Amino acid sequence: MSISQAVGSKETSQNTYEERLQIQRLQEPTLVISSCVGSDVIKGLTQRTKSLPPRYFYDDRGSELFEQICELPEYYVTRTETAILQECAGEIAQITGSCELVELGSGSSTKTRILLDAYQRAGYSLQYVPIDVSAGMLESTALQLLAEYPTLKVQALAGTYELALAQLEPTKLPTRTICFIGSTLGNLNSQECDEFFSQIIHALQVGEYFLLGVDLQKPKHLLKAAYNDSQGVTAAFNLNMLEHLNRLYEGNFDITQFEHWAFYNETQNQIEMHLRSLRSQTVQLKALNLTISFDQDETILTEISRKFDLNTIQQELKAKGLVPQKVWTDKNQWFGLILSQITHK
């Protein structure tokens, strides 16, 4: 269901905020019956090795905590990618020309402003489609952007990537660029990554673009520090997942009885984040009619963060029909940005 948000009547040099902002709250297809709600939680917590989907990180509080993580001194990802974008944004705008920017997992759209600035300097129309599961984050960020960019039009989509990509309408601009920056691709395993690329291809027309950020393989001590920050923000972010489940499904997780645990799996080239039970305990999620028993030191896998080889990921993109046009990285080769163009479907 689409709802236009009346967000203010203040006039800008072009038109009102209300005329330039639409927030669409996406719903699951009607064939998805209510009994399926929470099925991913039930499946994950009843496996031999317990796990939860990373999407449960991102209620409004989780989104706020992730924004804090991005500012941490140990978390090199954001500042490294930001520096790369500052260097290459003008070139990206030059390659794509006037285009609609679609961003998956937009959050506060901090890095997106670098791209918007580049397109604005080039004299192109500014049309932005942020996609995030947090409607609150989408609205607050959109209002800030409308104030900063008087000609910008925002059509925000509140929902999962899958729903949003499936429901994207054709752009009115000459072309479209889907942005998936911030290294989130690393949260997908190999099979999920392949399925995600297929969804991207379905959402794009031949000749349109895909801008991908990937965290690259690097020394273990840098990775360990990035996911075990000294201020405990990442730990709070991880534990907030249990609070989110409590609210969604009438749960009684006691977060004081779990701890954050993150380590680098060198065999798989990935960080693994877990929640570890500090004692033997039983937890209920009443809305799901689910009771879960935990042994002391038993864990829930909440996230993987794969670290990529730049050449390998380019070959994977090319094999799917997303042909890399230009690649940018930093002097340390810690992070990569890949701009691909779809050549066939």
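The values are calculated or read from the model by the stated rules, or taken from the named source; none is laboratory data. Keep in mind that this is a model prediction, so the values were computed, not measured. Here Cβ is always computed from backbone atoms with ideal geometry, including for glycine, and neighbour counts include all displayed protein chains. When the accessible area is computed, the model is the full protein with side chains, heavy atoms only, and any ligands, DNA or RNA have been set aside. Shrake-Rupley method; radii C 1.70, N 1.55, O 1.52, S 1.80 Å.
Here is how the numbers come out for the structure above:
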| item | result |
| --- | --- |
| Subset of the range 38-68 (residues that are without any contact (Cβ under 8 Å) to a residue 60 or more places away in the chain, acidic (Asp, Glu) and under 18 Å from Thr160 (Cβ atoms)) | Asp40 |
| Residue list for the range 112-138, filter: within 21 Å of Tyr161 (Cβ to Cβ) and either more than 21 Å from the chain's Cα centre (by Cα) or open to solvent by 30 Å² or more (accessible area, probe 1.4 Å) (or both) | Gln127, Val133, Gly136 |
| Residues of the range 321-345 satisfying the condition of being under 21 Å from the mean Cα position of the chain (by Cα) and in a loop (DSSP other than H, G, I, E, B) | Trp334 |
| Answer from Ile84, Ile42 - the residue that is at pLDDT 95 or above and either farther than 21 Å from Tyr119 by Cα or part of a loop (DSSP other than H, G, I, E, B) (or both) | Ile42 |
| Listing of strands (runs of 3 or more DSSP E) fully contained in the range 179-290 that carry 3 or more residues being at pLDDT 95 or above and either open to solvent by 20 Å² or more (accessible area, probe 1.4 Å) or touching a Pro at 6+ places or on another chain (Cβ under 7 Å) (or both) | 258-265, 270-277 |
| Count of the range 237-294 residues which are closer than 29 Å to Glu71 by Cβ and of a type in the set (Gly, Ala, Ser) | 1 |
| Condition check for Glu303: modelled with pLDDT of 95 or more, closer than 29 Å to His202 by Cα and acidic (Asp, Glu) | yes |
| Within the range 273-326, tally of residues that are without any contact (Cβ under 8 Å) to a residue 40 or more places away in the chain, hydroxyl-bearing (Ser, Thr, Tyr) and more than 17 Å from Thr49 (Cβ to Cβ) | 4 |
| When residues of the range 60-107 are limited to those that are among the charged types (D, E, K, R) and touching a strand residue (DSSP E or B) at 6+ places or on another chain (Cβ under 8 Å), the one most open to solvent (accessible area, probe 1.4 Å) | Glu87 |
| Check on Ala158, open to solvent by less than 60 Å² (accessible area, probe 1.4 Å) and either without any contact (Cβ under 8 Å) to a residue 24 or more places away in the chain or of a type in the set (Gly, Ala, Ser) (or both) | yes |
